[in-house]
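Each remark here refers to the structure printed beneath this line.
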Amino acid sequence: MPTIIENNAFRKLGLKHPLIVAPMAGGPSSPELVAAASAAGALGSAGAAYSSPAEIENFAAQVRQRTNRPFAINLFIPHPIPPIEPGTIERAIAATAKYRAELDLPAPRFSGPYEEDFDAQFEAVVRIRPAVFSFVFGLLSAEHIRAARKAGVLLIGTATTPEEAQLLEESGVDAITLQGFEAGGHRGIFDPEAADREVGIRELLAQGIKRVGVPLIAAGGIMTAEDIRAGLAAGAQAVQMGTAFLATSEAGTSAPYRSKLLEPARKTRTTRAFSGRLARGIENRFMGAMTAEAVMPFPAQNKFTRDIRSASTARGSADFLSLWAGTGQGDLWQGPASELIGQLFSK
Ligand SMILES: Cc1cc2nc3c(=O)[nH]c(=O)nc-3n(C[C@H](O)[C@H](O)[C@H](O)COP(=O)(O)O)c2cc1C
């Protein structure tokens, strides 16, 4: 099975390694990390979901100042937000009141919009014309697919089940990231309210290969050269790695988050506590304290907890941070990303 490097659609990217350094929205994907990954022969990815169109353009310009190699921009596919019952808002406010008091935060002022305007973000992507646009949480509309094609941008969708992979292939994407249950960060499940089918990467890859013809990218718990070889041997044409790059010198990961990542034996689980969508992160106080009844739907909960997370970072505390990380263990590399990539592909 040819890797993405030899695959017709992707050959023009001229990648040296079948590796995508994962988009990591919320800070870790700095322009420095994206540029370093791409300059080292992988595909760096900008996690732009929480950024305004102007911020996305600025980010891309910063990457392009550092390298002329191809990179990806990644966004979240939006979904209609269900009406939020006043009782749910009251419970969310009550459940977080003591933490806001502990962090000297005022009572929350809570109103929409809860997220950036996707169409405006997407228009910025089309203006930038990155080599690749990747997305998560669903399907891209036919109109958006046409606009990306016209701009010469390759499309990579994200699936957590074989059925989602099939739907992505039918929609006309160029490749699919299969995100196993092991993966750090948000679960890419299309339906924000659906239960997690919890399909591990091996099973997902085995099923995906049977069902779809486009190149598959394996993600979730991939940490070592051996893991990469196993993924490629199982039929993936590339791998996508996030957690392994979180402590690199270029990553925008905050200091308290880094400290938790560097503790031995990271214990992770999935939670809706921070954003309202399931995501995998290292267990901490906030995750343990929030019960399902006190959590609003995505992305309302994400906006609602932002002040708490920011104040926690400012105090150097990891107690209230979303500490996204996958199940993969082992010491994280703290040097330049290029050296990690060199080590991963040294043989
Ligand atoms: C801190 C963090 C942030 C992430 N943010 C995004 C994102 O913005 N978009 C996305 O498609 N995936 C995101 N992911 C998921 C990655 O694309 C990928 O599936 C995951 O990192 C693979 O698992 P691993 O972390 O075990 O390598 C994020 C992962 C992490 C760890």
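The values are calculated or read from the model by the stated rules, or taken from the named source; none is laboratory data. None of the values given here were measured: they were computed from a predicted structure. Backbone-built Cβ (ideal geometry, glycine too); neighbour counts: all protein chains shown. Note: areas computed on protein heavy atoms with side chains; ligands, DNA, RNA excluded. Shrake-Rupley method; radii C 1.70, N 1.55, O 1.52, S 1.80 Å.
Which of the residues belonging to the stretch 101-138 are in contact with a Pro (Cβ under 7 Å, 6 or more places away or on another chain), charged (D, E, K, R) and open to solvent by less than 80 Å² (accessible area, probe 1.4 Å)?
If the condition is that a residue be in contact with a Pro (Cβ under 7 Å, 6 or more places away or on another chain), charged (D, E, K, R) and open to solvent by less than 80 Å² (accessible area, probe 1.4 Å), then Glu115 is the only one that fits.
Within the set of pairs 6+ apart or on separate chains, which have a first residue in the stretch 181-207 that is near the ligand (Cβ under 10 Å from one of its atoms), a second that is β-branched (Val, Ile, Thr) and open to solvent by 30 Å² or more (accessible area, probe 1.4 Å), and C-beta atoms under 6 Å apart?
Cβ pairs passing all conditions: Glu182/Thr327.
Does the stretch 171-215 hold any residues that are small (Gly, Ala, Ser) and under 20 Å from Ser322 (Cα atoms), and which are they?
Scanning the stretch 171-215 gives Gly180, Ala183, Gly184, Gly185, Gly188.
Which one of Arg266, Arg258, Arg277 is crowded, with 22+ Cβ neighbours inside 10 Å and within 15 Å of the ligand (Cβ to nearest atom)?
The unique qualifying residue is Arg277.
Taking the residues in the stretch 283-306 that are open to solvent by 10 Å² or more (accessible area, probe 1.4 Å) and in contact with a strand residue (DSSP E or B) (Cβ under 8 Å, 6 or more places away or on another chain) as candidates, determine which candidate is farthest from the ligand (Cβ to nearest atom).
Filtering first and then ranking leaves Met290.
Could you please find all residues in the stretch 68-100 being of a type in the set (Gly, Ala, Ser) and open to solvent by less than 60 Å² (accessible area, probe 1.4 Å)?
Across the stretch 68-100, the qualifying residues are Ala72, Gly87, Ala92, Ala95, Ala97.
Select the helices (runs of 4 or more DSSP H) contained entirely in the stretch 1-68, then report the ones holding at least 3 residues which are within 17 Å of Val132 (Cα to Cα) and among the hydrophobic types (A, V, I, L, M, F, W, C).
31-39, 53-66
Mind counting the residues in the stretch 69-79 that are closer than 15 Å to Ala131 by Cβ and assigned to a loop (DSSP other than H, G, I, E, B)?
Selection size over the stretch 69-79: 2.
Select from the stretch 228-248 the residues that are away from the ligand (no atom under 12 Å from the Cβ) and part of a helix (DSSP H, G or I) and write down the one among them that is surrounded by the fewest Cβ atoms within 10 Å (Cβ to Cβ).
Ala233
I'm told Gly47 meets every condition in (1) crowded, with 24+ Cβ neighbours inside 10 Å; (2) in contact (Cβ under 8 Å) with a residue 60 or more places away in the chain; (3) within 11 Å of the ligand (Cβ to nearest atom) except one. Can you identify the failing condition by its number?
(2)
Inspect the stretch 153-173 for any residue being out of contact with any helix residue (DSSP H, G or I) (no Cβ under 6 Å at 6 or more places or on another chain), within 14 Å of the ligand (Cβ to nearest atom) and open to solvent by 40 Å² or more (accessible area, probe 1.4 Å) and give the result as yes or no.
No, the stretch 153-173 contains no residue that is out of contact with any helix residue (DSSP H, G or I) (no Cβ under 6 Å at 6 or more places or on another chain), within 14 Å of the ligand (Cβ to nearest atom) and open to solvent by 40 Å² or more (accessible area, probe 1.4 Å).
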